[in-house]
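Below is one structure, written out as structure tokens, with a few remarks after it.
The values are calculated or read from the model by the stated rules, or taken from the named source; none is laboratory data. Bear in mind the structure is a predicted one, so any value in this text is a computation, not a measurement. All Cβ positions, even for glycine, are placed from backbone atoms using ideal geometry, and neighbour counts span all protein chains on display. Protein only, heavy atoms only, side chains kept; ligands, DNA and RNA dropped before computing areas. Shrake-Rupley method; radii C 1.70, N 1.55, O 1.52, S 1.80 Å.
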Amino acid sequence: MVTEQESENESTKHVMKVQPGDLGGLMAEYPHIRIWIEDFEAKHGSRPIYYGPLDRDARAVSPRNLIYSTRPPCFAHVYSPPEGAEGAGNTFWFGLEPTIDEEEEEIRDQIVERLLRDAPQKERFDNDEQFIAMIHEMVDEMTTTVTSILSNPFINQTRELLGFGEAPIKVTEEQLERLKYVVVRDLVNNGPLETLLADEMLEDIHSIGLSAINMDHKVFPMLTSNIAFKDQEVLTKYLRSMSERIGRPVSDSKPIVDGALLDGSRINIIYSDDVSIQGSSFTIRKFAEETISIIQLIQWKTLSSQMAAYIWLGLESGMSMLVSGETASGKTTTLNAILPFVDHNVKIYTAEDTPEVKVSHTIWQRLITRDSKNEDSRVEMFDLLKAALRSRPRYIIIGEIRGVEGAIAFQAMQTGHPVVGTFHASNIVKLIQRFTGDPINVPARFFDNLNFAIFQEVVEAPGGGIARRITGVSEVIGFDKTADGILTRNMFEWDPVNDEVYFRGMFQSDMLENKIAPRMGFRSKRDIYDELERRTVVLQKMVDRNLTHFDDVFDLLDIYFKEGWDRFTSSVETWTGINH
């Protein structure tokens, strides 16, 4: 998940002919934008500005009335009504996309009917891009563009009776473009939620019954959208279809499911009026199409270069760690960002309920749980972790530890398999309490198999809005029989006043001095702090050079693991971001 307001908008991937500020050009390029603006101006007496791709500076735009690009032809319009106007005090988000009228809906139905009939005879496709290209080609074949849609039904009927085949569907060029968009949106993409899921600036999408959908935004406060399901039947049909597409079908007997959308976003569906009093509901936690790198997180101040260097040393040396924090604190984003610090020449094994962990290593065994009404067919996290012990991976990555599988994770650590995962706990004390209590019940004397944990929170960003910060890193030293407790030590602490991270572990780190230094062959264990500084400097150099793209970061670290330090540092100096 993109974890900062500063996130680069994914819409920059799309070539935009219209420059920011050129509202007239935008209206000329996209007829649906022109129609929207004309209607909006007639109703509210003002025109929005065209901002282009959104960034955090948009928060300062006043009055708040702007259109920004998401994934053209999809755009978003954010509007805060002035004081005294209807809706004042709220911020509204309008999803803008090509739409069709009732007459065109009938044409759309004809097209879809022919597509579903004829598509099985077409060549197979391997991905969505090929599927979309096939749909466009078939729609072109079954339509003909005219200046007017007036047609003679008698002539069309006569053509078919005389054996000339189906008459082409007559549409104007503008109608054809709109129809292609709507057909692809509904058959391939995300249906009525396409404008929402196209907006990478949205974090969480909340739909409750038939109410308008609300969203958490990276730049603006909670937004209310112009999107709502018109009746319960439409909502029910959509949720059934969505759940089937993600392989987790809902039903009256199983009304609550979790899953992942095609873009990696996480969805929770509650499909029952009995369970959800206000009607069926769902929540989508959006994830970026591209994995966020550790360098990007350093730029965003989620963590410091020194903290990243510390994690690098730990993961390279086979230490077990947890990324812990509250819901929506960015744990999975951080987990994905730090995985390139694991040796690129080893096998990675991931176990998840929903596929969110992204590994770029060559040898990656990826497993997910499987739900089933038949208990013998069900595959749970517990089963995946037991299988991991037989698969001989270097690292076991657990997307999220929730319950009894936590005990198996510690068994894996005891057998020499380093484990990395995410967990819900706000500090080391609560983390230990949850692991040693029901239902996980890890014996306290075994807890030193976990080497360290990092703790992440959602905080108020300087200037307003939200940000993510790793607020602490704690080492687990071991079980103290005298005190009958687990000894831990804080290595890093975040100062909320100065928004800075401070290293408290200089000459105090049990993990660096007594576990990692011997592995790395240092004669003096204190030399490990020089190694920590050396890695801090090179990571900061990558930050200064703006080498934030995940593929660039992974490829540079690949050079380190395969060709050594000198080749790595020289590459950092000369790297041009060829993968960006």
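A few points about this structure:
- Counting 0.36 nm for each residue step from ILE277 to MET142 and taking away their Cα separation leaves a gain of 44.0 nm.
- Of the solvent-accessible surface of the chain, computed with a 1.4 Å probe and all protein chains present, 48% belongs to carbon and sulfur.
- Accessible area in the full protein assembly, largest first, 1.4 Å probe, for GLU513, GLU83: GLU83, GLU513
- Zone of ARG445's modelled label, taken as backbone nitrogen in region 468-485 under 14 Å from a point 7 Å along Cα→Cβ: 479-485
- Inter-label distance, nm, simple model (7 Å from Cα along the C-beta direction), ALA60/LYS43: 3.1 nm
- Heavy-atom accessible area order for MET222, MET307, largest first, 1.4 Å probe: MET222, MET307
- Entry comment: accessible area of the chain is 47 Å² per residue, from protein heavy atoms only and a probe of 1.4 Å.
- Inter-centroid distance (Cα atoms) of region 165-237 relative to region 33-87, Å: 18 Å
- Sites matching trypsin sites (Lys or Arg not before Pro) across region 467-544 that sit in DSSP coil, with at most 10 neighbouring C-beta atoms within 10 Å: LYS481, ARG523
- Distance in nm between pseudo-label sites at ASP527 and GLN110 (7 Å out along the Cβ direction from Cα): 8.0 nm
- Sites ALA328 and GLU563, calculated FRET efficiency, Cβ-Cβ separation with R0 35 Å, nearest 0.05: 0.35
- Residues LYS230 and ARG117, FRET efficiency given R0 of 22 Å [Cβ-Cβ distance, rounded to 0.05]: 0.20
- Qualifying trypsin sites (Lys or Arg not before Pro) for region 51-151 [loop in DSSP, other Cβ within 10 Å: at most 11]: ARG124
- Taking every DSSP beta bridge that has both ends in the chain, the antiparallel portion is near 65%.
- Helical mean residue ellipticity (222 nm; -39500 (n - 2.57) per DSSP H run of 4+; nearest 500) of the chain: -10000 deg cm²/dmol
- Length gained when the stretch ASN214-GLU493 is fully extended (0.36 nm per residue, less Cα-Cα span): 97.0 nm
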